[in-house]
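Written out below as structure tokens is the structure these notes cover.
The numbers here are math on the coordinates, done by the rules we state, and not lab data. Owing to the predicted nature of the structure, the values given are computational and were not obtained by experimental measurement. Cβ placement follows ideal geometry from the backbone for every residue including glycine, while neighbour counts extend to all protein chains displayed.
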Amino acid sequence: MNTAPPAPMTDLQVAAISRALADQRRYQILLQIGAHPEAVPCADLLKVHPISAATVSHHTKELERAGLITTLRVGKFASFRIQRETLQAYARQLMEI
């Protein structure tokens, strides 16, 4: 089976990811989420980062907007999973510079 190479990201997508990763706290949260093969519960993020639940929510929404994570909801509880395909596409795009 012959699959086509992935399309390059748009400039807007690259900029959104760059902005999301420019914040040190968001970068640390992404590292924590990416270190686990399963979804990471929001409560686990709160244990590691000494910030409010509202601030974690803000950071995870920014990461989700950039396409770097997905949010899985069960009732009022949220867990997060990294989107490796997006991160790989971003890295490929940067390698073109």
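Please list, ordered by chain and number, the residues whose modelled amide H lies under 5 Å from the amide H of ILE69; skip anything fewer than 5 residues away on the same chain.
Here the answer is GLU64, GLN83, since their amide H atoms fall under 5 Å of that of ILE69.
Under 10 Å, Cα contacts only: if you run a Gaussian network model on the chain, which one of LYS76, LYS61, LYS47 comes out with the highest mean-square fluctuation?
Highest fluctuation among the options: LYS76.
What angle do you read, to the nearest 10 degrees and between 0 and 90, between the alpha-carbon axis of helix 53-65 and the longest principal axis of the chain?
10
Read phi for every residue in region 80-88 and hand back ³J(HN,Hα) as whole Hz from Karplus 6.51 cos²θ - 1.76 cosθ + 1.60, θ = phi - 60°, with x for Gly and Pro.
So the Karplus estimates, Gly and Pro as x, are 10, 10, 6, 9, 4, 4, 5, 4, 5 Hz.
Is the shape of the chain best called rounded, prolate or oblate, per the rule: a/c under 1.5 gives rounded, else a/b larger than b/c gives prolate, else oblate, with a ≥ b ≥ c the square roots of the Cα gyration tensor eigenvalues?
prolate
Per-residue ellipticity at 222 nm for the chain, helices alone: DSSP H runs ≥ 4 residues times -39500 (n - 2.57), over residue total, nearest 500 deg cm²/dmol?
Rounded to the nearest 500, it is -17000 deg cm²/dmol.
Only Cα pairs within less than 10 Å get springs; with that Gaussian network setup on the chain, which residue of GLY67, GLY75, GLY34 has the largest fluctuation?
Highest fluctuation among the options: GLY75.
So how far apart, in nm, are the two label points at VAL14 and GLN88 if each is 7 Å from Cα heading toward Cβ?
2.0
Dipole of the chain, Cα-centred, from +1 at each Lys and Arg C-beta and -1 at each Asp and Glu C-beta, to the nearest 20 debye?
Here the chain has a charge dipole of around 280 debye.
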